[in-house]
Every structure is written in structure tokens, then in C-alpha cells.
């Protein structure tokens with residue numbers, strides 16, 4: 001049994017914590033409020049993820065730190081930098097692998113399919129914040145002071161009213177009822193399943209082939225309207 005530190009108890013953090021517990025691992029899940037899934041194998045801890053000292057303390061003895069945090073959308077430019085810095089320092093001090101859940105914002109506007117080898121050329125403040133997180137982590141990896149990896153996915157597919165396809169679309173489709181989608185139904189769009197992200201995150205955090213690499217989230221399906 002190894003210790004794993006999961007930061008954030010949203011859909012990805014919860015799925016990651018439960019997956020690790022199912023594998024027989026020791027899991028500590030950290031949120032600002034002390035929330036998280038109730039499970040005998042999970043220790044829920046209240047802490048500020050932007051505190052380098054506190055994160056380093058919680059990461060002591062851990063084999064991996066999973067950055068599944070998600071600050072309020074409008075506060076990414078201000079809230080992400082201190083959280084990312086604290087978790088990177090915790091990884092450096094503890095020796096734990098830092099596995100971060102990211103998205104596609106860092107690429108900026110593109111005219112074709114998004115792949116992990118595209119440059120991070122975002123011009124907006126949210127995208128620049130995400131791009132900086134990876135550049136800083138990769139610099140630490142290349143300097144030999146940390147082991148890092150990042151999983152990037154598209155919009156998530158999961159149950160729940162806050163998900164684009166969750167309770168809003170899929171149940172209605174299965175019941176053969178009318179649905180509405182964001183933008184045009186003819187716009188190609190890929191979706192990433194929450195459970196897939198959790199499995200991939202755990203896999204790359206515990207496999208040295210993923211260190212220093214960006215790994216694309218697994219695509220569940222692509223929505224296109226019927227011909």
C-alpha cells in the first residue's frame with residue numbers, strides 16, 4: 001500500500017480517489033472545506049492548496065500528488081498560480097510525482113484538431129495561466145528537481161446538471177426526447193469521460209514513461225448531428 005495525495009474533490013478528484021482506494025492504496029484527499037467522498041480508505045483533510053508548507057507536509061511519504069483542483073472559472077488567473085506553485089514545491093520537497101489534470105485552454109484558438117504536440121500559444125488570461133503551469137512544471141522536471149506529468153482533456157462527460165452532456169442531454173436522448181446543445185449540433189466536438197481521466201491520471205503518475213510528458217485525455221465519442 002502506498003500513499004497518494006489527491007487535491008480537489010470535484011468529479012475528477014473524487015473518481016481518482018475512489019479508483020486508488022479500489023486498488024488498495026492509502027488516499028488523502030485535500031479540499032478547502034474538508035469535503036470529499038466518504039470511504040474507509042480515504043482520509044479527508046481541510047487545507048489551503050496554495051500553502052507550500054502545508055502541501056509539502058501532507059505530501060510527505062506520498063508517491064504521487066494529483067492536482068485535481070479547480071478554482072472558480074473567473075479566478076483562474078489569480079488563483080491558479082499560487083496553487084500550482086505550492087503543489088510543484090511540495091513535489092520537489094517530498095519526491096512525489098506531480099500529476100496535473102489540465103485542459104485545452106493553453107493551446108489558444110486553433111483551426112484544426114487539437115493534439116498534445118501543439119504549441120501553447122494562448123492569448124487570453126485563462127489560457128496563459130494554464131500554459132504557465134505546465135511550463136513551470138516542465139522546467140522543474142528538466143532541471144531534475146521534480147517528476148511531473150499532465151493529462152489534458154476536453155469537456156467532461158459525466159452525470160450531473162453542470163455537465164454539458166450529463167443530465168442535460170444523454171438521459172433525454174435515451175428517452176428519445178428533444179434536446180438542445182451548445183452552439184450548432186453540426187459542430188464537431190470531442191468529449192472526455194471522467195472515469196477515463198482518473199484511470200489515465202493514475203497510470204501516468206505511477207509510470208516513469210509519463211514523466212515530463214503531456215498525455216491526451218481519452219475521447220469517449222464525438223457528437224455530430226445525424227445526416
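Values quoted throughout were computed directly from the atomic coordinates according to the rules given, and no laboratory measurement underlies them. Small disclaimer: the values here were computed from a predicted structure and weren't measured. Here the Cβ positions follow ideal geometry from the backbone for every residue, glycine too, while neighbour counts run over all protein chains shown.
With the convex hull constructed from alpha-carbon coordinates only, region 1-53 shows a mean projected area of 3.5 nm² over all directions.
Quick check on region 68-114: take the gyration tensor over C-alpha atoms, sort the square-rooted eigenvalues as a ≥ b ≥ c, and tell me if it's rounded (a/c under 1.5), prolate or oblate. The shape class here is oblate. Principal-axis analysis of the Cα atoms of the chain puts helix 125-142 at an angle of about 40° to the longest axis.
Springs join every pair of Cα atoms under 10 Å in this Gaussian network model of the chain, and among 114, 133, 55 the largest mean-square fluctuation is at 114.
Modelled this way, with points 7 Å down the Cα-to-C-beta line, the labels at residue 178 and residue 75 are 3.9 nm from one another. If the segment from residue 208 to residue 45 were pulled out straight at 0.36 nm per residue, it would be longer than the present Cα-Cα gap by 55.9 nm. Computed from Cα positions, the angle between helix 11-22 and the longest principal axis of the chain comes to roughly 60 degrees. Peptide packing for 10-21, 28-39, 135-146, 170-181 was compared via the average number of neighbouring C-beta atoms within 10 Å per residue; ordered from the highest value, the list is 10-21, 28-39, 135-146, 170-181.
How many percent of the alpha carbon pairs in region 1-103 exceed a separation of 17 Å?
Working: 2335 of 5253 pairs.
That fraction is 44 percent.
Against the chain, whose longest principal axis comes from its Cα atoms, helix 194-205 is set at around 30 degrees. For the chain, with a Gaussian network of springs between Cα atoms less than 10 Å apart, report the residue from 107, 73, 156 with the top mean-square fluctuation. Checking each option, the largest mean-square fluctuation is seen for 73.
For the chain, the Cα gyration tensor yields ellipsoid semi-axes of 30, 21, 16 Å (square root of five times each eigenvalue, largest first, whole Å).
Ranking 26, 116, 150 by Cβ neighbours within 10 Å, fewest first, what do you get? Walk me through the numbers before you get to the answer.
Working: 26 17, 116 13, 150 24.
Arranged by neighbour count, lowest to highest, 26, 116, 150 become 116, 26, 150.
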